[in-house]
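The next block holds one structure in the form of structure tokens; read it before the comments.
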Amino acid sequence: MDDKYSRLRAVLSLGKEELVKQFSQEFYDYYKETLFLNSAIMRGYMERCKYFLDTVNGAGKTILDVGCGHGVQSLHFAALGAKHIFSIDINKDKIAVFKKLIRKTEINNISIKLRNAIKTGFPDNFFDAVICNEVISHVSDYRLFLTEMQRILKKGGLIFVIDGNNALNPKSVKSTADIQGKAENGPVSGTGLKKPYIEMRKEIIQKSFKNINKEKVSELSVLTKGLNKQQIKIVVKQYLKNKIITVKPNYPVVNPLTSELPEQLFNPYELAEEFRKAGFSESYARPSLPFRADRKLLRIMLKPFYPIILKHSNTFEIIAEK
């Protein structure tokens, strides 16, 4: 573990110029305030990953990291004692950076797959545990996601969900609405997007229906809000022929290219119940607490106050067992 983590830390400490040169500007920008700022923050990130791993009893286990992104979290899990990490994401650019990081760190107990979390392609009863950090609020259908996770987990396996879209907290509700607004209309700073969804829809319509003028494209890009690429093509064709739209969006704001959601709110207690409906034997919600060495004692002391704390916590956690 120490040797792997030392190599990982050395790579992540290269400095802005080398990180941009060897990986990408987007990679550096994504982590510049949450990982690269100083050694204390970097250690805090490691402790956070260790907490996730410990929560699912992950030492020596085969684990799925859902929505792995650039792979920094997966690399920490692999360095901190997991037997093997399978990492999935739908973003090709981030996966490309992840592969470079693996080659640079020489941490090889990781398998990367470009796959959707709703249809992973893994065998039944394959994983000892699943970690889902800030991902469930982005999947296009969380119920299908829960069904898939229940299928690929072994009996007695744990899934650990961490998410910062707590519908019980008014501040979190406002923050989620702000992010959705930026993703839909811009400016896209802080969203990880290169352009807002409305511009993506305009491009889809322009490429698919070349004879439509700009004014009509703008009108249709508004009418197709919340739809994915396939739905947009169907709706525009229908609208041009009959001036009606019968396809309705499932969510108000959706990435038309990937069907991902920028964010969606969850009531933690209601989501925990959805886990049980999906076939998990046990499931419970709790607030996230500071990453401290005495966390277990802190949880024992604060457990009676979880309902109150959850109303003031941006981030919630759900642990479920198959």
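The values are calculated or read from the model by the stated rules, or taken from the named source; none is laboratory data. Everything numeric here is computed off the predicted structure, so don't read it as measured data. A quick note on method: Cβ atoms are made from the backbone with ideal geometry, for glycine too, and the neighbour counts reach across all protein chains shown.
Some notes on this structure:
- One residue from 28, 51 being surrounded by fewer than 19 Cβ atoms within 10 Å (Cβ to Cβ) and in contact with a helix residue (DSSP H, G or I) (Cβ under 8 Å, 6 or more places away or on another chain): 51
- Matching entry among 136, 131 (being touching an Asp or Glu at 6+ places or on another chain (Cβ under 7 Å), closer than 24 Å to residue 176 by Cβ, of a type in the set (A, V, I, L, M) and assigned to a loop (DSSP other than H, G, I, E, B)): 136
- Scanning region 152-181 for residues that are among the charged types (D, E, K, R) and buried (at least 17 other Cβ atoms within 10 Å of the Cβ) returns a single hit, 163.
- Test: residue in region 148-169 that is over 22 Å from residue 52 (Cα atoms) and either among the aromatic types (Phe, Trp, Tyr) or in contact with a strand residue (DSSP E or B) (Cβ under 7 Å, 6 or more places away or on another chain) (or both): yes
- Among the candidates 48, 7, 43, the residue that is farther than 28 Å from residue 315 by Cα and either assigned by TED's automatic domain parsing to the domain that holds residue 95 or part of a helix (DSSP H, G or I) (or both) is uniquely 7.
- A single entry from 317, 270 fulfils the requirement of being in the same structural domain as residue 116 (by TED's automatic domain parsing) and in contact (Cβ under 8 Å) with a residue 40 or more places away in the chain: 317.
- Count of region 150-173 residues which are part of a helix (DSSP H, G or I) and either among the β-branched types (Val, Ile, Thr) or free of Cβ contacts under 8 Å to residues at least 24 places away in the same chain (or both): 3
- Residue 84 touching a Lys or Arg at 6+ places or on another chain (Cβ under 7 Å) and free of Cβ contacts under 8 Å to residues at least 60 places away in the same chain: no
- Put simply, of 86, 122 the only residue that is more than 19 Å from residue 9 (Cα to Cα), assigned to a loop (DSSP other than H, G, I, E, B) and touching a strand residue (DSSP E or B) at 6+ places or on another chain (Cβ under 9 Å) is 122.
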